[in-house]
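First up is the structure itself, then whatever we jot down about it.
The values are calculated or read from the model by the stated rules, or taken from the named source; none is laboratory data. The structure presented is a predicted model; accordingly, all values stated were derived computationally and were not measured. When we count neighbours, we look across all protein chains shown, and the Cβ atoms used for this are built from the backbone with ideal geometry, even at glycine. These area figures cover heavy atoms from the full protein model, side chains too; ligands, DNA and RNA do not enter into them. Shrake-Rupley method; radii C 1.70, N 1.55, O 1.52, S 1.80 Å.
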Amino acid sequence: MITYGIYGYEITKTAELKGFKLIPRSQNHREVKKLAADRDHYHLTGFLEIDENQILNQHTLIFDLQGILSFIDQKNVIITHPLRPHETDQTLDQDYPLKITFIGRLNGIGSLILRDTVSPESRKDCIQKALNNLKESDQNQGVFRSAFFKSIEPFRGSESFIDVNYYLLFSALESLSRYHLDDYDSKNVSTPIAKFLKPYNFDISQDNVKNLTQSVSTYTHLRNALFHNGKLECEPNINGTYIKLEMSEYYANFSMLVPLVMLKYIGFDDGYTNWNSWLDRMPFK
């Protein structure tokens, strides 16, 4: 066994998966919640215990888990600092780092999955499904892997660059849509995106002139303005009327929609997720 520290992830219950465990440092929910939410430091909140006999590529597992745990809490999570042979999660040396202080943290849209004090199996299930899809993606052109990590980059990079973040999110959704439908010819990307989203029952259609927030074309117009003109706004002709669209008005909805699409794509549904949260901002039922 080899054990690493987990910094910044909210965990109070042990999660056993194939070849590894996630172990909480504390079961005190209030304490862990506060530490995991700190935007200035990464606090040691748990441990990753790897069975070296089952996991051959530890670096890939750690890289993927960092992304998945970050995705779940929508805040960057770091896995590092392997324990020395004589240390355990209960007997750390005095010099073992309890927090990482050299970089701050960005917040995303808020946790996508209920904390383990409420639903003990939800996060474990999400982790396993995400790992399975990442592994499968590695064998099939890597499209999901690329889309998944693009979807978490906005809160791992800089909140100052809404244009970069928007493009990453749109690119993630477009690549998944075109790959899933094998449609690389449609010039209007709204078409494959709308077709891709339809089976997932999100309240969105290709064109919705009555509610532009729920129109795929709105987000495509903004992406085109950004990509072709370097602008964060545009005035498309919608049914004979020029309507001004500003990225700042629609970014919050879109940045919530894309992670929900990722959850749908990997087949996660614990019964608690509010799939309309990208519209009403209420993450759970």
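Looking only at the stretch 118-168, filter to residues that are open to solvent by 60 Å² or more (accessible area, probe 1.4 Å) and hydroxyl-bearing (Ser, Thr, Tyr); which one of those is nearest to His228 (Cα to Cα)?
Tyr167
With the requirement that a residue be at pLDDT 95 or above, among the β-branched types (Val, Ile, Thr) and not in a loop (DSSP other than H, G, I, E, B), what does the stretch 1-26 give you?
The answer is Thr3, Ile6, Ile23.
Can you go through Val189, Val216, Val209 and tell me which one is surrounded by fewer than 19 Cβ atoms within 10 Å (Cβ to Cβ) and in contact (Cβ under 8 Å) with a residue 12 or more places away in the chain?
Only one candidate passes the filter, namely Val209.
Step by step: first the residues of the stretch 252-285, then only those that are in contact (Cβ under 8 Å) with a residue 24 or more places away in the chain, assigned to a loop (DSSP other than H, G, I, E, B) and touching a strand residue (DSSP E or B) at 6+ places or on another chain (Cβ under 9 Å), then the one that is most open to solvent (accessible area, probe 1.4 Å). Which residue is that?
Only one residue fits best here, namely Tyr272.
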